[in-house]
Amino acid sequence: MAEIKVPELAESITEGTIAQWLKQPGETVEKGEFIVELETDKVNVEVISEEAGVVQEHLAQEGDTVEVGQVIAIVGEGSGEAAAPKAEEAPQKSEEPAKTEAPATQEPVEKDPAAEEQSSSDRTIASPAARKLAREKGIDLAAITPVDPMGRVRVQDVEAHGSKPAASAPAAKAEAPKAAAPSSDEENGRIIREKMTRRRQTIAKRLLEVRQSTAMLTTFNEIDMTNVMALRSRKKDQFLKNNDVKLGFMSFFTKAVTAALKKYPYVNAELDGTDVLLKQFYDVGIAVSTEEGLVVPIVRDTDKKNFAEIEATIGELATKARDKKLSIADMSGGSFTITNGGVFGSLMSTPILNGTQVGILGMHTIQKRPVAIGDEVQIRPMMYVALSYDHRVIDGSDSVGFLKMVKDMIENPEDLLLES
C-alpha cells in the first residue's frame, strides 16, 4: 500500500487545490503515471504515483484545499474489482469497539501551538529586515500576505499587516456564511454563483494589495506605428523563412523597453523597505491571457537576445501558459512587465504593477487617426501606450523620459539595431 502525498510545489507555495482526479477509486495506475492535477497560485501541477497498483481511496475531493505533505489518496495492490469493497469496509472498521485505545494514544501527539507557529514562521521566506520588524511587532510571518508574487515577505508587507485592525479577520469570517446563503434570484436561476478558482482569488488579492501598498501613477504617450509596420511588412516573410518564427510587434517593444531600462535604471528596480534594489539584469515579463486569468511568464536576458530569440521565447511561453504547463521558474524573478490589451481592442488603460516591480508598460490597439505631420494632416496608425510606475521609486521626469524613449525607438526602429 502506498500513500499519495502533495509534493513540494515551490519554495513559497505551501498549499494547492485539487483541480482534477485523473484516476478514480478502483482504477489501476502504473508507477510514474499521473493520478491527480493540483492547482496552485501560479501553475497547475500533475502528481504521479510512486507505486503501481489500484487507487483504493481519495482522501480529498476536487475543489478541496490541500497542504504540502498531506496524504490525498491511497494506492494498494490487487485488481480494480477488489478496490471497491475495501473502500466500503473503511467506515465499518471505525465503528468496532476494538479501538478503545485511541484516547490514550492521542495525548502524546498533541502539538504545541507556539512550536507550530514558530515552525511556520521559519518556513516563510522573508528579508532580514522584515523578520526583525516582525519580531519587534510580535507578528507571525506566516500570517502575512506578501505582495511579492513568489511569496517573499518584505518590510512593507509587515507594516501593512501591522496596520490592519485586529477585528477585521473575525468580521470577514463572520460574513462568509451570509455571502454563501442563496438569494431568491439564485433559487430562480436568475443568478448563477461560481466559486472563484484559486488562481483568480490570488490575482484579485494581489492586485488589491498592489493598489493599497504602492504610490502608483500612470503616464501616457502615443506612438506613430508607420515605420515599424512598414519594416515588419518588408521583412516578415524573410524573417519567417530564416528563423521559423513570425516577426511580431512584441520583439520591437521588448527591445525598446530593454534599451530604456538601461538608460533609466530606477524603472528596473524594486523597493525593499528603505532600500532600492537596482537590478543589473533585464528579465521582461510578457502578460499572457489564459482561461483562468492573466499570467506573466518571463523572457530572460532580453539584452542578450535578438529579435528571433525573443519572438521564439514569447511563443513558447504563451503555448505553455495556455496548455497549463508553465513552471514556477518560468514566472519568477522578472524586473519589468509588458501587457498588451490591444489584442482585445483596448484603446487605453492604466495597467496595475506586477508584484514588487515598479514599472509596467501597457500597449493598446493600433488605430488610424489624423495626425499633424509638419504643416499637413495625415492619417497614421497610432497606438496609445501607458507606463504605470511606483512614484516612491521613480520620479515623474524618469517616467516620462522612459516612455518617450520607447516611443522614439518604435518610431525609428533602425535605432533598435544600434541598441541591441
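The values are calculated or read from the model by the stated rules, or taken from the named source; none is laboratory data. Note that the structure is a prediction, hence the values are computed from the model and not measured. Positions of Cβ are generated from backbone atoms using ideal geometry, with glycine treated the same way; all protein chains shown enter the neighbour counts. Heavy atoms of the whole protein, side chains included, go into the accessibility calculation; ligands, DNA and RNA do not. Shrake-Rupley method; radii C 1.70, N 1.55, O 1.52, S 1.80 Å.
Some points to look at:
- Residue match in region 127-142 (condition: of a type outside the set (A, V, I, L, M, F, W, C), open to solvent by 30 Å² or more (accessible area, probe 1.4 Å) and at pLDDT below 65): yes
- The residue pairs whose first member lies in region 14-29 and is among the hydroxyl-bearing types (S, T, Y), whose second member is open to solvent by less than 20 Å² (accessible area, probe 1.4 Å), and whose beta carbons are closer than 7 Å, counting only pairs six or more residues apart or on different chains, are T17/L38; T17/E39; T28/V54.
- Residue count for region 60-76 satisfying the condition of being out of contact with any Lys or Arg (no Cβ under 9 Å at 6 or more places or on another chain) and not in a strand (DSSP E or B): 4.
- Against the test of being open to solvent by less than 10 Å² (accessible area, probe 1.4 Å), within 21 Å of L326 (Cα to Cα) and hydrophobic (A, V, I, L, M, F, W, C), the options I72, I35 yield a single qualifying residue, I35.
- Restricting attention to region 38-54, the residues that are more than 11 Å from V6 (Cα to Cα), hydrophobic (A, V, I, L, M, F, W, C) and either under 20 Å from the mean Cα position of the chain (by Cα) or buried (at least 20 other Cβ atoms within 10 Å of the Cβ) (or both) add up to 2.
- Among the residues making up region 299-324, those that are surrounded by fewer than 20 Cβ atoms within 10 Å (Cβ to Cβ), assigned to a helix (DSSP H, G or I) and without any contact (Cβ under 8 Å) to a residue 60 or more places away in the chain are E309, E316, A318, T319, K320, R322.
- Single unsatisfied condition, E57 versus (1) in a loop (DSSP other than H, G, I, E, B); (2) open to solvent by 20 Å² or more (accessible area, probe 1.4 Å); (3) at pLDDT 85 or above: (1)
- Residues that are at pLDDT below 75, open to solvent by 40 Å² or more (accessible area, probe 1.4 Å), touching a helix residue (DSSP H, G or I) at 6+ places or on another chain (Cβ under 9 Å) and assigned to a loop (DSSP other than H, G, I, E, B) within region 143-163 comprise M150, R152, listed in sequence order.
- Checklist (1) closer than 30 Å to A160 by Cβ; (2) without any contact (Cβ under 8 Å) to a residue 60 or more places away in the chain applied to S184, failing item: (1)
- Residues of region 325-371 classified as more than 25 Å from S213 (Cβ to Cβ), under 12 Å from the mean Cα position of the chain (by Cα) and either without any contact (Cβ under 8 Å) to a residue 40 or more places away in the chain or not in a loop (DSSP other than H, G, I, E, B) (or both), total: 2
- Where G273 falls short, out of the listed (1) open to solvent by 30 Å² or more (accessible area, probe 1.4 Å); (2) at positive phi: (1)
- None of V393, V296, V371 is open to solvent by 10 Å² or more (accessible area, probe 1.4 Å), closer than 16 Å to A269 by Cα and among the aliphatic types (A, V, I, L, M) except V393.
- Flag for A260 being over 30 Å from V153 (Cβ atoms) and buried (at least 16 other Cβ atoms within 10 Å of the Cβ): yes
- Matching entry among D224, D237 (being within 23 Å of V400 (Cβ to Cβ) and either in contact with an Asp or Glu (Cβ under 7 Å, 6 or more places away or on another chain) or not hydrophobic (A, V, I, L, M, F, W, C) (or both)): D224
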